[in-house]
Every structure is written in C-alpha cells, then in structure tokens.
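Trainee: After the structure tokens below, expect a handful of questions from me.
The values are calculated or read from the model by the stated rules, or taken from the named source; none is laboratory data. Please read all numbers here as calculations on a predicted model, not as lab measurements. Using ideal geometry, Cβ is built from the backbone for each residue, glycine included, and neighbour counts are taken over all protein chains shown. SASA here: full protein model, heavy atoms, side chains in, ligands and nucleic acids out. Shrake-Rupley method; radii C 1.70, N 1.55, O 1.52, S 1.80 Å.
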Amino acid sequence: LLLGLIYLNVPAVAVREFGVPFAVGALIPVLLMVPVLHRVLIKGEPLRFPLFLVLALVLLIFHALSALGGIRPHESLAIVIDWALEGVLLAALIVNVLRSKEDVIAAVKALVMAGFVMGAVVIIQQLSGATDNNFMGFGQLDSAMVSDSGQLQTRLAGPIGETNRFAQIMAVLIPLAAALAFISTGAMRWFYWLATLVISGGMALAFSRGAVVALALAAPFALAFRFIKVRHVALGVFGAIVLLALLPHYAERVVSIGQVAVQSLGLSPGGLRNADGAARGRMTEMMAAGLVFVDHPIMGAGPGMAQVHYPKYAAKVGGKVRPGTRRSHNLFLQLAAETGLLGLAAFFAVLGVVVVGLERARRRQFHRDREMWAIICGLELALIISLTTSLFLHAAYVRYFWLLMGLCVAASAVTSIPVLVRLLSRMLGETMVRLRPQT
C-alpha cells in the first residue's frame, strides 16, 4: 500500500492540491520504518546492509564533497539531502521490508496497480475531452501541441505534472505488468494484460519520444532473456501501429525521431539546424553540461549547478540557446558535470552491483522458480527502460529511480543462496569427491 501511494505521487499531490502540511505528506514514505522495526524488534531479524547500500553511501559522500566545493554549497547540499532521504533511505527501507518472494511480488503488484490507476485517469481524460479538469491533481497537464493539420492536442502528465517524467515511470511498469500476466492464471491473467494496455496507453498520452526509444531498445533484451517470443514482439508492433493511428500527433513525434537522428549525424542538408526546436535545445543543454565537466573533471561543479552554469557554456556551444537556467536533460552528463569522475564512477558502481545481482538471480531462477524468474526479468527490463529514458532526462523525482533500485536489490536477495549454505554445499561436495572410490 505504501509503495503504491508513493508511486502514485500521493504525498506531493496531497501537499500541492489539498494544502496538506509537508510534514504529513512526508510521513507516508517514513511509515515504511514500521514494518522494518517490526522485523528487527519483534521478529529479531537483522538489519540488511548489502554492498549496494555501502556504495550508495559512498556516492552520497562524493556528492556532499562536490557540494562543498561548488559555488553555491547551500543549494547543492539541499539536493544531496533530497538524494539521501528520497533516494538512498527509501531504497534501504525497501531492502529491509521485502524479504520473501511473496513480499516482492506483492510490491510489484502494488506498483502495477498504481500504474493502472494513473493510466485509467489520463485515458478517461483524453476520451472525455476533460483537459480542463486535473482530476484532483492526478490528471495534470503539461503542454499543448499542434499537428500539421492544425489540431490541438494536450500532453497529459498524470500526477507528476511533467510529461516526459510521467512517460518514464509508466514505461517502467510495462514489463512488470507483463510479468504478472505471465505468472497469473484465470481472470487475473486477463486483468494484468488489461493493466499492461492501460499503462501503455497512459504512457502514450504523454507523447514522449524518449519512452518509445526505451521500449524499442528493451525489446531485444526481452527476447534474449526469453521473457517474450517473436510473436509477442509482432503483437506489440501491431498494437503500436494501431495506437499511433489513433493518436496522429504522437505518430508525428515518433516519425521525427528518425529525422532528428539523421540530422544529428550530419546526414541531412543543414544538419541539426533543421531539427525541431526541442531537439536543438536539448543538444545545446547536453553539450553545455559536457563543457562544465571538462572544466570540473574530478569533483564536478556541485549538485544542481549544471543549470546555473548553462548560460555561460551554452553561449560557447551555440545551437538553440534558451534564456535563463536549463537542466542538462541527460542524467549521466548531469552527474559528470555536477559530481565529476568520482561521482559518476560511484553511480556506475551502485548500478553495476544491482545489474550483476539481477543477472545472477535471473540465470539462477530460470529452472528453479519460473514465477520469480519472470518477476526478475520484468525488473531488469524496467531498469533498462529507466536508464535509457535517462539519456533524455535529468535527475529529478529521484524517489522513482531509487524505489526501483531497492526493489531490484530486494528481489535479488530473495533468490540468493545464503553464504553459509554455499559454504556447507562446497564442503560437502569436496568431501564426497574425497570419499569417491578410485578406479
């Protein structure tokens, strides 16, 4: 329930739309401490502090050092605190709450249900034409688009209020909903397939190009994992064609992906100068972040400072320079610019531990537990989608990324063999080899 409320962005909506005190809204994630304390104090279970959390703390230390060396340490330290509380602490609580297969599956179901609710809201919003109604904060609007035919289409942003971010957190749920459909039977299987469609529809109504790229890149991994078959890909392509036919505005944006790619590679007359304004603006923002990194390679310019340095470096880059401060629109370039090589290396170390754990768990569970194998495949694909969309998005709403990371680590820990069991198995195997008759 708590994870579902967090994913629905209920705390922020309650504060923003209903005037709930911030302290009350912040209480929802903190309530995860209750089951942790129950496990530790009542059940006598030890606290879990895996390597993932150790490296996450190292990451926070590098961020704090970078903040102290930046031009606005107070602003940077506030961002570090957000990463600590909304990110690492949330992941630590999830790792300590979810300790069984049933816990992990229940958590995945909660997230998928949250996605189903968000998708249903924006679909109703689109079908009813009620774009002037924000559905109590769960159907916010971001911007409007005009197609070649002159028709106006509003981009829907769910409870987030930012379309590309909304599309990201919805796209992440698609493989998780599919995993639940694979492991369910009867009516529940049909419900989870419906949830997959509703979540996909909700993602589409944000009209995000990055989400489409992420799903396309995740498909080969899903085939390699044997999570889906070629017929599933064909069905998905057919569904995408139908969806784009129903949403011509989205079709125009999807087609523009290829145009931007061709222009970025210099294969089109005029190069990137002929690309749409959003693409040119983002390229300028990314290149400006790259120049910030070149000038601050070790510790970076400080968390949150890439946007402060944007006007200075964007003027050097050229392209489409926008007034005021601008985010980097690329998580990895932003980390490089703001925390330098040390922060970027720590981030990849955290990420590497999670990916290695998922890979081991996926291979281990293939023949042992097909239900858990499907869930882990869904989580690994969700992480791939999250990281791919992060190529076009900066670090914001960090709770969603760290929630996913905590869930991945918890799932890997559930399927791991305890160290003592591995040691005893190895000793037993060696003993049997010694006792085997020599021929």
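Trainee: Percent of accessible area on the chain owned by carbon and sulfur, 1.4 Å probe?
Mentor: Percent of accessible area from carbon and sulfur atoms in the chain: 69.
Trainee: If N is the number of residues in region 268-415, what value comes out of its Cα radius of gyration divided by 2.2 N^0.38 Å?
Mentor: On the way: Rg = 18.6 Å, N = 148, 2.2 N^0.38 = 14.7 Å.
Cα Rg divided by the expected 2.2 N^0.38 Å: 1.27.
Trainee: Oh, and also: Relative to the longest principal axis of the C-alpha atoms of the chain, give the angle of the C-alpha long axis of helix 248-264, reported between 0 and 90° and rounded to the nearest 10°.
Mentor: 90 degrees
Trainee: Given a cut-off of under 8 Å on Cα pairs at least six residues apart, what relative contact order in percent is computed for region 89-207?
Mentor: Value for region 89-207: 28 percent.
Trainee: Give me the one-decimal Kirkwood hydrodynamic radius in Å for the chain, with the sum taken over alpha-carbon pairs.
Mentor: 23.3 Å
Trainee: Round to the nearest 0.05 the FRET efficiency obtained for Lys101 and Phe135 when R0 = 35 Å and r is the Cβ-Cβ distance.
Mentor: Result of the calculation: an efficiency of 0.50.
Trainee: Report the Cα-based extents of region 68-199 along its three principal axes, largest first, to the nearest Å.
Mentor: Result, largest extent first: 52, 45, 27 Å.
Trainee: As I understand it, the value is the acute angle between the Cα axis of helix 419-435 and the longest principal axis of the Cα atoms of the chain; what does it come to in degrees, rounded to 10?
Mentor: 50 degrees
Trainee: Follow-up. Taking the alpha-carbon set of region 136-239, what are its Rg and Dmax in Å?
Mentor: 15.2, 46
Trainee: So what are the three principal axis dimensions of region 74-118 from its Cα atoms, in whole Å, longest to shortest?
Mentor: Sorted from largest, the Cα extents of region 74-118 read 42, 28, 7 Å.
Trainee: While we're here: Per residue of region 180-191, in order, report the coupling 6.51 cos²θ - 1.76 cosθ + 1.60 (Karplus, θ = phi - 60°) as ³J(HN,Hα) in whole Hz, putting x for Gly and Pro.
Mentor: 5, 5, 5, 8, 9, 10, x, 5, 5, 4, 5, 5
Trainee: Averaged per residue, what accessible surface does the chain expose to a 1.4 Å probe, in Å²?
Mentor: 47 Å²
Trainee: Next question, about the same structure. At 7 Å along the Cα-to-beta-carbon direction for both Leu37 and Arg360, put a label point, then send me their distance in nm to one decimal.
Mentor: Distance between the two pseudo-spin positions: 3.3 nm.
Trainee: With viscosity set to 1.567 mPa s at 4 °C, what whole-number translational diffusion coefficient in µm²/s follows for region 337-393 from Stokes-Einstein and a Kirkwood radius over Cα pairs?
Mentor: Translational diffusion coefficient: 102 µm²/s.
Trainee: Using only the alpha-carbon atoms, how far is helix 73-82 inclined from the longest principal axis of the chain? Give it as 0 to 90 degrees, nearest 10.
Mentor: 50 degrees
Trainee: Going toward the positive end of the dipole of the chain, with +1 on Lys and Arg Cβ and -1 on Asp and Glu Cβ, which of Leu403, Leu152, Ala187 do you reach last?
Mentor: Ala187
Trainee: Which trypsin sites (Lys or Arg not before Pro) in region 192-255 sit in a loop by DSSP (not H, G, I, E or B) and have at most 11 other Cβ atoms within 10 Å of their own Cβ?
Mentor: Qualifying residues, ordered by number: Arg226, Lys229.
Trainee: Okay, moving on. Mind telling me which of Leu379, Leu407, Leu223 comes out most flexible in a GNM of the chain, alpha-carbon contacts under 10 Å?
Mentor: Evaluated over the chain, the most mobile residue of the options is Leu223.
Trainee: So, one more: Please get the size of the charge dipole for region 1-160, origin at its Cα centre, with Cβ charges of +1 on Lys and Arg and -1 on Asp and Glu, quoted in debye to the nearest 20.
Mentor: Here region 1-160 has a charge dipole of around 520 debye.
Trainee: Under the Kirkwood approximation for Rh and a Cα-based Rg, what ratio Rg/Rh is obtained for region 1-97?
Mentor: Using only Cα positions, Rg/Rh for region 1-97 is 1.04.
Trainee: Would you pull out the residues with amide H under 5 Å of Thr154's amide H, same chain only if 5 or more places away, H placed 1.01 Å from N?
Mentor: Those qualifying (amide H under 5 Å, at least 5 residues apart or on another chain) are Met145.
Trainee: Could you tell me which of rounded, prolate or oblate describes region 361-416, using a ≥ b ≥ c as the square roots of the eigenvalues of the alpha-carbon gyration tensor, with rounded for a/c under 1.5 and, failing that, prolate when a/b is larger than b/c and oblate otherwise?
Mentor: On the way: a/c = 3.84, a/b = 2.15, b/c = 1.79.
Judged from the Cα gyration tensor, region 361-416 comes out prolate (a/c at least 1.5, a/b above b/c).
Trainee: Under a point-charge model restricted to the Cβ atoms of Lys and Arg (+1) and Asp and Glu (-1), what is the dipole moment magnitude of the chain relative to its Cα centre, in debye to the nearest 20? Kindly include the intermediate steps, with their values, before the conclusion.
Mentor: On the way: 36 positive and 21 negative charges, 238 e Å.
Dipole of the chain, to the nearest 20 debye: 1140 debye.
Trainee: What does the charge count near Thr284 come to, summing +1 for each Lys or Arg and -1 for each Asp or Glu among other residues with Cβ under 9 Å from its Cβ? The partial results should precede the final answer.
Mentor: Numbers: positive: Arg280, Arg282, Lys320, Arg322, Arg326; negative: Glu285.
Result for the local shell: +4.
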